[in-house]
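Everything below concerns the one structure shown next.
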Amino acid sequence: MRKNAISIELRDKAMDIYKGLPSGVKKGEWVSDAIIEKWAKEHGEIFTKEQLKRIRQEINKVLEGRE
């Protein structure tokens, strides 16, 4: 077993979502990101730092386009 692998039991709905991810998606990274986002939301963070950065970039693109 890899040193950073985790063993989990998936709920039926989670397994359906996991199996339905498009090819090319790095499923391990996708699951890790989902765990981080769930933890953040449970601890009062609405968006992760990465999400906030992307949101700000998109807002700036829109604002720059108006000028």
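Readers should treat all values here as calculations from the given coordinates under stated rules, not as data from a laboratory. Computed from a predicted model, the values in this text were never measured in an experiment. Please note: Cβ atoms are built from the backbone with ideal geometry, for glycine as well, and neighbour counts cover all protein chains shown.
Can you name the number of the only condition in (1) under 15 Å from the mean Cα position of the chain (by Cα); (2) surrounded by 12 or more Cβ atoms within 10 Å (Cβ to Cβ); (3) not in a helix (DSSP H, G or I) that Leu10 fails?
For Leu10, the failing item is (1).
In segment 30-52, what count of residues is obtained for those that are surrounded by 11 or more Cβ atoms within 10 Å (Cβ to Cβ) and in a helix (DSSP H, G or I)?
Number of matching residues: 14.
Every residue in segment 13-29 that is loosely packed, with under 11 Cβ neighbours inside 10 Å and among the hydroxyl-bearing types (Ser, Thr, Tyr), please.
Hit for segment 13-29 is Ser23, nothing else.
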